[in-house]
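Contents: one structure, followed by commentary.
The values are calculated or read from the model by the stated rules, or taken from the named source; none is laboratory data. Note that the structure is a prediction, hence the values are computed from the model and not measured. Methodologically, a virtual Cβ is constructed for each residue, glycine included, from the backbone with ideal geometry; neighbour enumeration extends over all protein chains shown. Please note that ligands, DNA and RNA were not included when accessible areas were found on the heavy atoms of the full protein model with its side chains. Shrake-Rupley method; radii C 1.70, N 1.55, O 1.52, S 1.80 Å.
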Amino acid sequence: MIGGLFIYNHKGEVLISRVYRDDIGRNAVDAFRVNVIHARQQVRSPVTNIARTSFFHVKRSNIWLAAVTKQNVNAAMVFEFLYKMCDVMAAYFGKISEENIKNNFVLIYELLDEILDFGYPQNSETGALKTFITQQGIKSQTKEEQSQITSQVTGQIGWRREGIKYRRNELFLDVLESVNLLMSPQGQVLSAHVSGRVVMKSYLSGMPECKFGMNDKIVIEKQGKGTADETSKSGKQSIAIDDCTFHQCVRLSKFDSERSISFIPPDGEFELMRYRTTKDIILPFRVIPLVREVGRTKLEVKVVIKSNFKPSLLAQKIEVRIPTPLNTSGVQVICMKGKAKYKASENAIVWKIKRMAGMKESQISAEIELLPTNDKKKWARPPISMNFEVPFAPSGLKVRYLKVFEPKLNYSDHDVIKWVRYIGRSGIYETRC
């Protein structure tokens with residue numbers, strides 16, 4: 001898949017070089033240096049094609065990682081490998097810098113031998129690699145550790161080692177969502193979707209089996225709980241997930257057949273799944289703009305924000321950005337709540353509110369003085385953008401259950417302390433004015 005991997009410093013000097021295919025020559029090294037690193041104009045695209053050769057590159061501080069191939073490969077997979085390589089190096093020697101790479105070049109070559117085989121990515125889990133590649137690149141010699149190496153390399157569970165023990169078994173689960181919206185001035189939703197992640201931190205002994213359930217529409221309907229009466233009684237509305245991706249620990253066969261998410265979790269923090277929804281989204285805030293032009297030298301702006309969630313909940317870190325014309329000379333602002341300030345460098349009025357309860361509203365009024373201009377073009381009126389954080393999932397996702405089974409050790413599901421948290425944040429949340 002990958003023909004060669006090169007690591008450069010900011011001068012274009014090669015620090016690490018590994019060629020996996022015969023079709024990649026040493027001239028590829030110079031081609032990337034001349035056309036990307038030493039290019040007169042900054043190369044923004046992460047993929048560069050030079051003489052029928054594709055260069056996929058990522059940059060970390062002053063270090064360039066470039067994967068080279070002449071084949072038609074999956075670009076997303078190559079970038080996933082490059083980012084994973086960065087994570088592995090950071091886990092071994094901290095910050096990715098020229099000095100660290102020079103000091104650990106033997107270790108990096110050893111890692112590349114394990115991670116890539118003839119250009120195809122293999123085991124890139126840091127936990128498994130650290131079992132048999134130590135900081136100095138010396139393999140463990142004890143019989144117990146050698147048996148662990150054999151089971152992890154040849155077995156199915158490469159992301160978790162055996163023999164993990166904790167005094168207190170805990171499981172933390174965060175549902176992190178980003179809600180994106182584009183709304184018309186009349187309040188019509190033009191586009192809306194939620195991108196979500198389920199992040200877990202597991203501190204569990206042994207090799208536990210976990211089962212995670214959510215209010216997925218297909219699961220609810222399969223169990224006969226999809227009627228409107230029963231969902232209203234339970235208060236848990238089912239959600240339709242458009243697409244989702246899972247961590248490699250999830251058994252996909254069970255998800256396809258039973259829609260149940262069962263897995264043996266890695267130790268520590270990891271991302272269990274990603275998903276996206278587009279239907280029945282709870283929009284935490286509604287922005288109502290009113291812009292009135294008073295002649296050619298004055299604008300009157302009034303913006304009302306309404307919170308659309310339970311009164312018992314509090315939204316935090318609220319920020320509303322109201323754009324102003326380029327020829328603005330002065331702004332007078334009056335706001336009911338929070339602080340508002342005109343930022344000339346950003347051509348915007350920034351309105352910040354620390355906290356706001358549900359089912360409340362607040363407004364801001366501004367008079368904008370304009371300089372006379374000969375430009376006959378009308379002001380384009382960019383959309384009003386908003387940032388916030390709310391303690392619920394805008395998609396409506398709910399964790400129905402989270403069960404832990406460990407038959408070999410003396411603890412059950414009831415002995416595990418579980419924590420579930422929902423955080424909804426704004427993505428690109430805009431209202432046209």
note = Reported set for segment 291-315 where residues are assigned to a strand (DSSP E or B), open to solvent by 70 Å² or more (accessible area, probe 1.4 Å) and either under 11 Å from residue 366 (Cβ atoms) or not hydrophobic (A, V, I, L, M, F, W, C) (or both) is 292, 293, 302, 306
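Residue-by-condition table, conditions (1) under 30 Å from residue 102 (Cα atoms); (2) at pLDDT 95 or above; (3) in contact with a Ser or Thr (Cβ under 6 Å, 6 or more places away or on another chain); (4) of a type in the set (Val, Ile, Thr):
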site: 138; (1), (2), (3), (4): yes, no, no, yes
site: 146; (1), (2), (3), (4): yes, no, no, no
site: 154; (1), (2), (3), (4): no, no, no, yes
site: 158; (1), (2), (3), (4): yes, no, no, no
site: 163; (1), (2), (3), (4): no, no, no, no
task = From (1) touching a residue at least 40 places away in the same chain (Cβ under 8 Å); (2) over 15 Å from residue 119 (Cβ atoms); (3) not in a loop (DSSP other than H, G, I, E, B), pick out the condition that doesn't hold for residue 10.
result = (3)
request  = Kindly indicate the residue of segment 66-99 that is charged (D, E, K, R) and more than 26 Å from residue 34 (Cα to Cα) and also farthest from the chain's Cα centre (by Cα) among those meeting that condition.
outcome  = 95
task = Would you check if there is a residue in segment 15-30 being open to solvent by 60 Å² or more (accessible area, probe 1.4 Å), over 17 Å from residue 67 (Cβ atoms) and more than 32 Å from the chain's Cα centre (by Cα)?
result = no
ask   = Which fully enclosed helices (runs of 4 or more DSSP H) of segment 33-133 have 1 or more residues being over 27 Å from residue 162 (Cβ atoms) and assigned by the TED database to the domain that holds residue 9?
value = 75-93, 98-103, 105-115
inquiry  = I need a count of the residues in segment 176-188 that are surrounded by fewer than 21 Cβ atoms within 10 Å (Cβ to Cβ) and not polar (S, T, N, Q).
reply    = 4
note = All conditions in (1) outside any strand (DSSP E or B); (2) closer than 12 Å to residue 272 by Cα; (3) polar (S, T, N, Q) are true of residue 186 except (2)
